[in-house]
Amino acid sequence: MDLRKLKTLIDLVSESNISELEIAEADGKVRIVKTAAPAAVSAPAVAAPVAALAGEAVERTGADSAPPVETGHVVKSPMVGTFYRSASPGTDPFIEIGSVVKVGQPVCIIEAMKIMNEIETDVAGTIREILCENGQAVEFGQPLFIVE
């Protein structure tokens, strides 16, 4: 179902007196249920998934504010696999926090289907943060490092 159509249906349910809407189409089925918010604390929790689904930003204030925006370039995983900081167990890691890297320099290995893939940085700079643990499973697009 088209995201705009889904957003329209969500708005329709939230602005009307109906509490539930179910629509079945050839490509799937959607069920939207409106529940009454018992307290103000649950309102942001309910609003966030709806706004995220619709592609809108949610403003938060006070103690529930969004984390600060990261500065620097994020090196992301180009594939799903297992993250390794060094070429083999017992050897030194490719990089440490504070290491200066060049474009194309290997920074880690991601093992996918028993193939060891060297991941290279696409920017030059200094490694500010390492975001994964050695041996951790990583997803496509998951941040691995922050380079300043």
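Just so you know, all these numbers are worked out from the coordinates, no wet-lab data involved. Small disclaimer: the values here were computed from a predicted structure and weren't measured. Every residue, glycine among them, receives a Cβ derived from its backbone with ideal geometry; neighbour counts consider all protein chains shown.
Values for this structure:
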read-out: Environment charge of GLY135, counting only residues whose C-beta is closer than 12 Å and scoring Lys/Arg +1, Asp/Glu -1; value: -1
read-out: Under 29 Å from LYS76, Cα to Cα: lysines that are on another chain or at least 8 residues apart; value: LYS102, LYS114
read-out: For GLN136, distant residues with modelled amide H under 5 Å away; value: PHE83
read-out: Separation of the VAL103 and SER88 label points, Cα + 7 Å toward Cβ, nm; value: 3.3 nm
read-out: Segment LYS76-LEU21, extension gain: residue separation times 0.36 nm, minus the distance between their alpha carbons; value: 15.9 nm
